[in-house]
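The values are calculated or read from the model by the stated rules, or taken from the named source; none is laboratory data. All of these numbers come straight from a predicted model, not from anything done at the bench. Virtual Cβ from ideal backbone geometry, glycine too; neighbours counted across all protein chains shown. Areas reflect the complete protein model, heavy atoms only, side chains present, ligands, DNA and RNA absent. Shrake-Rupley method; radii C 1.70, N 1.55, O 1.52, S 1.80 Å.
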Amino acid sequence: MKLKDFAKPFLPAVAALLFILPVSAQTENNAELAAIQALAADYDKAVAQLITITEIPAPPFQEEKRGAWMMEQFKAVGLANVTRDAEGNILGLRRGSGPEGGKLLVVSAHLDTVFPPETPIKVTREGDKLMAPGIGDDSLGLSALLAWARAMDAGQVTTRNDILFVATVGEEGLGDLRGVRYLFNKGAYKDRMGGFISVDGSKPERIVHSAVGSKRYRIIFKGPGGHSYGAYGIVNPMAAMADTVRRLYDVRVPADPKTTYSASVVSGGRSVNTIPDTIALEVDMRSPDPTELERLENRFLSIVDEAVVAENYARSTEYGEISAEKNRIGDRPAGSTPADDALVKVAEGALAAYGFEPNKAASSTDSNMAMSMGIPAITIGTGAGGGRAHTLDEHLNVERENFIRGMSSGLLLVIRAANIEYAKD
């Protein structure tokens with residue numbers, strides 16, 4: 001027998017040992033080490049489940065099939081009180097050693113993707129690269145939740161606080177955080193929220209502790225419409241829409257805090273030889289600063305009014321005037337978790353234990369809701385990196401050593417974050 005053949009049965013155990021070494025110098029907790037070792041040995045199952053999750057469609061507002069699969073997996077890993085709430089979130093509880101009904105830590109990943117139902121989704125592999133729409137955003141996070149729950153049980157980890165694992169709906173786009181909105185405002189555990197960790201993305205060193213809020217509008221400009229030649233000279237909602245965009249792009253916004261706007265979607269019109277009677281414009285505005293976001297929102301709404309007045313003044317209103325219907329289609333709250341908060345510090349320590357340089361960042365994620373309510377929250381990535389999120393050529397690196405290293409830092413964070421003494425109401 002060749003040496004390499006003799007060694008094959010022992011490789012998972014050797015790999016597990018290698019991956020616990022970085023953290024071993026910083027803990028005497030045997031349960032932590034056992035859990036991290038179990039996670040390393042679980043690599044093949046974690047990747048297999050990552051592929052399975054990705055290939056279960058979860059278009060916007062159609063997360064039921066993926067949610068049903070996650071519900072069965074939550075039961076399989078031994079979580080208690082596994083349920084689907086009224087909004088569609090899947091919840092499972094891992095009890096801690098503290099008193100029943102005390103503050104808990106939420107660990108979540110989102111079910112939905114940005115891709116419409118007709119998008120073909122099949123995972124392909126080239127070496128250590130997996131490719132498929134949505135594989136990193138957020139199939140990876142869902143797979144991590146399951147792997148971490150298995151590892152904690154295998155290591156017989158006991159935490160001070162209960163851990164509530166949640167697969168949320170409605171994180172992307174027009175979902176407008178509907179899953180976490182329900183969780184924090186109407187859910188069965190709404191009064192027990194101590195800390196919140198969202199797992200979203202493939203860069204383990206990233207710690208999102210600043211929530212980028214957003215206001216999104218669909219403005220419907222209406223007018224009388226008419227023949228492009230015969231009715232020439234009457235008011236045109238297309239002109240009011242164009243003037244709105246031009247005026248918006250004259251607005252100066254601060255670079256710090258980074259505040260942005262985007263005229264993103266235009267629709268309407270009847271034919272090339274018809275003055276339209278309806279034109280719709282969709283606009284996105286963002287900032288991590290609630291005051292700056294409100295200032296930008298108010299300026300945009302006044303711009304719409306100015307453009308309508310200008311068009312009604314510029315052209316004939318013989319058959320009717322231009323009007324604008326303002327529909328808010330998205331409202332994500334801004335907020336932040338202080339950089340010196342215990343949850344952020346625990347995250348930095350977990351990353352440092354595995355040789356990562358923490359990168360504190362701002363983004364718009366499920367954590368927005370908790371941050372806006374003053375509940376300690378962060379969003380982290382996991383795994384070994386990837387790219388091209390929200391595109392058809394999205395991909396992940398699943399090279400064993402780095403994938404386990406990234407997953408291990410996340411596991412260590414979850415275990416230690418579940419031992420923080422969170423503030424009582």
>> Suppose only helical runs count, i.e. DSSP H with n ≥ 4. What mean residue ellipticity at 222 nm does that imply for the chain under -39500 (n - 2.57) per run, divided by all residues and rounded to the nearest 500 deg cm²/dmol?
In response: -11500 deg cm²/dmol
>> At 0.36 nm per residue, and after removing the present C-alpha to C-alpha distance, how many nm does the segment from T119 to E306 gain when stretched out fully?
In response: 63.3 nm
>> I need the calculated FRET efficiency for the pair L392 and A423, taking r as the beta carbon distance and R₀ as 35 Å, to the nearest 0.05.
In response: 0.20
>> Between helix 64-76 and the chain, what is the angle of the helix's C-alpha long axis to the longest principal axis, kept within 0 to 90° and rounded to the nearest 10?
In response: 20
> Which value, in Å² rounded to 10, gives the accessible area of K186 with a 1.4 Å probe and all protein chains present?
Replying inline: 140
>> For the pairs K45/K360; K258/K326; K103/K186; K45/K129, flag any whose C-alpha to C-alpha distance is greater than 21 Å.
In response: K45/K360; K258/K326
> Accessible area per residue, 1.4 Å probe, Å², for the chain: what's the number?
Replying inline: 44
> What is the distance in Å between the Cα centres of the range 385-412 and the range 211-262?
Replying inline: 39
> What is the spread of the Cα atoms of the range 83-189 along each of their three principal axes, largest first, in whole Å?
Replying inline: 47, 34, 16
>> Given 20 °C and 1.002 mPa s, compute D for the range 194-233 with the Stokes-Einstein relation, Rh being the Kirkwood radius over Cα pairs; round to the nearest whole µm²/s.
In response: 133
>> When only alpha-carbon atoms are used, what values of Rg and Dmax, in angstrom, describe the range 210-305?
In response: 15.8, 55
> In terms of solvent-accessible area of protein heavy atoms at a 1.4 angstrom probe, what is the ranking of R400, R216, highest value first?
Replying inline: R400, R216
> What does the highest-first list of 251-259, 64-72 look like by mean Cβ count within 10 Å?
Replying inline: 64-72, 251-259
> Taking every DSSP beta bridge that has both residues in the chain, what percent is antiparallel when rounded to the nearest 5?
Replying inline: 70
> Expressed in whole Å with the largest first, what are the equivalent ellipsoid semi-axes of the range 257-333 derived from the C-alpha gyration tensor as the square root of 5 times each eigenvalue?
Replying inline: 29, 15, 9
>> Please report, in whole Å³, the volume per residue of the convex hull around the C-alpha atoms of the range 307-375.
In response: 149
> If you look at just the Cα atoms of the chain, how large are its Rg and its Dmax in Å?
Replying inline: 24.9, 94
> Going by average Cβ neighbours within 10 Å, how do the peptides 222-230, 329-337, 168-176 rank, with the highest at the top?
Replying inline: 168-176, 329-337, 222-230
> For labels at E357 and E100 in the simple 7 Å Cα→Cβ model, what's the distance in nm?
Replying inline: 4.9
>> Ignoring ligands, DNA and RNA, please state the percent of accessible area on the chain from carbon and sulfur, probe 1.4 Å.
In response: 52
>> Taking the Cα centre as origin and putting +1 on Lys and Arg beta-carbons and -1 on Asp and Glu beta-carbons, what dipole magnitude results for the chain, to the nearest 20 debye?
In response: 520
>> Just to confirm the filter: which GluC sites (Glu not before Pro) across the range 83-164 are DSSP coil and have at most 11 other Cβ within 10 angstrom of their Cβ?
In response: E100, E118
>> Rounding to the nearest 10 and keeping the result within 0 to 90°, find how far the Cα-based axis of helix 30-41 lies from the longest principal axis of the chain.
In response: 70
> Got a sec? What order do V180, V114, V272 fall in by accessible area at 1.4 Å, biggest, i.e. largest, first?
Replying inline: V272, V114, V180
> Beyond 19 Å, what percent of the Cα pairs of the range 353-408 remain?
Replying inline: 47
> Sorted by accessible area with a 1.4 angstrom probe, largest first, how do F61, F184 fall?
Replying inline: F61, F184
>> Place a point 7 Å from Cα of Y319 in the direction of its Cβ. Which residues in the range 258-274 have their backbone N less than 12 Å from it?
In response: 274
> So what's the angle, to the nearest 10 degrees on a 0 to 90 scale, between helix 290-314 and the longest Cα principal axis of the chain?
Replying inline: 20
>> Can you give me the C-alpha center-to-center distance between the range 177-199 and the range 275-297, rounded to a whole angstrom?
In response: 27
